[in-house]
Amino acid sequence: MRRASLLELRNFLLACALAACLPACGENAPPKGSGVSGTGGGSARAGSGRIVVFGIDGADWQVIEPLAAGGRLPHFKRLLEKGATGTLRSMEPSASPSLWTTIATGVRPERHGIHGFVVEGGGGPGDAVHSEEGTAVAAGRRAEVRPVTSSMRRAPAFWNILPRYDRKVGVVGWLVTWPAEETNGFIVSSYLPYIYNWSTGRPLKGTIVSGIPRQTFPEALIATLDSDKVKPGDVPEETVRRFYDPDRVRSLSQDDRDCVEGFLWSLACDETYRRIGLRLFQEYPVDLFAIYFGGVDVASHRFWKFAHPDALDYHVGREEASVLGRVIDEYYVYVDGLLGEYLERIGPDTTLVVLSDHGFKPVLFPGKPTTSGHHRMEGVIALFGRGVRPGRTIEGAGLLDVLPTLLYLLDLPLARDLEGKVLEDALDPDFVRGHRPNFVDSYGTPGRIPEADQTELDRNVLERLRSLGYIN
């Protein structure tokens, strides 16, 4: 008898865990068909197309287009030449958890209930993010806030909607997905990288399982992900040197070194999601696969003043700019490589949707030297592949239009209470003529989501948000 491969063993153990869990869960069991089907088990539905959503927090055409024209972003250049591209209009409040939840639900924050990074202790929405004038949560409220969780969302997201139509979905790293919800597929929640203290890289709990429940769905999936975890100290030196010379960083100020330390944490997070995402994408086919990368946002917040020292009165010296001035551009080059990994894996039945929740502009927050870039309303959107009109410029697109477009491409009914529209001008006219939309009144509620307890993890996330300048 031949020895089982690691992949076969992992799939067998995961299937066993699911089989043991579902009968024992009683009323907590997911609907029939829920959970991961491994290679050779289930697959995405044939004939209706597939979608890959590639989310890049903070990506901006003002950075992408010059780099693509200079030959440094070949995969973004391919989207610009062969896809449909345009500006994706953001909205206020300009807090990424709110914006990505708006994208996932197709409704405004007033309906989905996620207004920022944190909520007040009583459960109401907190003033979580700097406004354009730089206001923030009052210092006296520090002890009364906690990070938002999926249990606070009041509207169904696409990972709730697709299973109702017997479609499979996979989600990796999307904001506000912890605790991971039951779905017909898999979720790797956005709390997974927070197991490592963002500023030191030290484990908070000793292992990625202990004391932190429901990081994935199925929960047994987390046992297979340990080898994909990347800590800041694991990032190879040759990778770090793509962004800056670590020897020269040692001579910079403490504030500048803090920018670098937080950047390494963010790079490790994105590399973690890169490894997990690629493996799950290939091993467990789904109808809609969505992955989120946050490093462009962090790099732009921290290093804008080094890339554009004359944009405002930053008082950045020539030495600091020469050491850290290329971090943002190099991060876009890194993300272009991640994008290419999916472009080379998708087939003719797949539509790739690349988007960001906002762009970036220079900002000066007195007393916050580690925050020099902040959100502007112009994000990016690009569609490529099945059903797309090549070379088309998308006009008038907003965050609310993303979900209706995704559901339309999958031939799923559109709820009349969605607040956006299908981006038909991005689509091939023949495709539109052959796919008449169907409608339902509403998708209802998100279903029962497990409550999340405040833990040491919450306090660690709050520390990161304060350092980025989101809250006081």
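Put simply, of Leu338, Leu324 the only residue that is more than 25 Å from Arg436 (Cβ to Cβ), within 19 Å of the chain's Cα centre (by Cα), at pLDDT 95 or above and not charged (D, E, K, R) is Leu338. Taken over the range 273-323, the residue count meeting the criterion of being more than 30 Å from Leu225 (Cα to Cα) and part of a loop (DSSP other than H, G, I, E, B) is 10. Scanning the range 416-441 for residues that are of a type in the set (Gly, Ala, Ser) and surrounded by fewer than 20 Cβ atoms within 10 Å (Cβ to Cβ) yields a single hit, Gly434. The set of residues in the range 324-357 being part of a helix (DSSP H, G or I), closer than 11 Å to Phe54 by Cα and in contact with a Gly (Cβ under 8 Å, 6 or more places away or on another chain) consists of Val335 alone.
State whether one or more residues within the range 103-113 are aliphatic (A, V, I, L, M) and in contact with a Leu (Cβ under 6 Å, 6 or more places away or on another chain). Yes, because at least one residue in the range 103-113 is aliphatic (A, V, I, L, M) and in contact with a Leu (Cβ under 6 Å, 6 or more places away or on another chain). In the range 9-32, the count of residues that are assigned to a loop (DSSP other than H, G, I, E, B), over 19 Å from Ala397 (Cβ atoms), touching a Leu at 6+ places or on another chain (Cβ under 9 Å) and modelled with pLDDT of 50 or more is zero. Checking the stated criteria, Pro97 turns out to be outside any loop (DSSP other than H, G, I, E, B) and under 20 Å from the mean Cα position of the chain (by Cα).
Going residue by residue through the range 110-125, is there one that turns out to be acidic (Asp, Glu), within 17 Å of the chain's Cα centre (by Cα) and outside any helix (DSSP H, G or I)? So far as the range 110-125 goes, no, none of its residues is acidic (Asp, Glu), within 17 Å of the chain's Cα centre (by Cα) and outside any helix (DSSP H, G or I).
For every residue, the table says whether it meets (1) touching a residue at least 12 places away in the same chain (Cβ under 8 Å); (2) of a type in the set (D, E, K, R); (3) surrounded by 19 or more Cβ atoms within 10 Å (Cβ to Cβ); (4) not in a helix (DSSP H, G or I).
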{"position": "Gly233", "(1), (2), (3), (4)": "yes, no, no, no"}
{"position": "Glu238", "(1), (2), (3), (4)": "no, yes, no, no"}
{"position": "Phe243", "(1), (2), (3), (4)": "yes, no, yes, yes"}
{"position": "Arg248", "(1), (2), (3), (4)": "yes, yes, no, no"}
{"position": "Asp256", "(1), (2), (3), (4)": "yes, yes, yes, no"}
{"position": "Cys259", "(1), (2), (3), (4)": "yes, no, yes, no"}
{"position": "Leu267", "(1), (2), (3), (4)": "yes, no, yes, no"}
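From the list Val333, Val363, which residue is among the hydrophobic types (A, V, I, L, M, F, W, C), surrounded by 21 or more Cβ atoms within 10 Å (Cβ to Cβ) and touching a helix residue (DSSP H, G or I) at 6+ places or on another chain (Cβ under 9 Å)? Of Val333, Val363, the one residue that is among the hydrophobic types (A, V, I, L, M, F, W, C), surrounded by 21 or more Cβ atoms within 10 Å (Cβ to Cβ) and touching a helix residue (DSSP H, G or I) at 6+ places or on another chain (Cβ under 9 Å) is Val363.
Could you run through the range 379-405 and say how many residues are closer than 12 Å to Thr102 by Cα and touching a Phe, Trp or Tyr at 6+ places or on another chain (Cβ under 8 Å)? Final tally of qualifying residues: 1. Taken as a whole, the structure places Glu81 among residues that are surrounded by fewer than 16 Cβ atoms within 10 Å (Cβ to Cβ), of a type in the set (Asp, Glu) and either under 29 Å from Asp349 (Cα atoms) or modelled with pLDDT of 95 or more (or both). For Pro203, the test of being in contact with a strand residue (DSSP E or B) (Cβ under 7 Å, 6 or more places away or on another chain), farther than 25 Å from Pro285 by Cα, at pLDDT below 95 and not hydroxyl-bearing (Ser, Thr, Tyr) is passed.
Among the residues of the range 54-81, just one is closer than 18 Å to Thr405 by Cβ and part of a helix (DSSP H, G or I), namely Leu79.
Residue-level check: of (1) modelled with pLDDT of 95 or more; (2) in contact with a helix residue (DSSP H, G or I) (Cβ under 7 Å, 6 or more places away or on another chain); (3) in a helix (DSSP H, G or I), Asn460 misses just (1).
For the range 370-399, a residue qualifies if it is more than 27 Å from Val298 (Cα to Cα) and polar (S, T, N, Q), and exactly one does: Thr393.
The values are calculated or read from the model by the stated rules, or taken from the named source; none is laboratory data. Values in this document were obtained by computation on a predicted structure and should not be read as measured data. Positions of Cβ are backbone-derived with ideal geometry, glycine not excepted, and every protein chain shown enters the neighbour counts.
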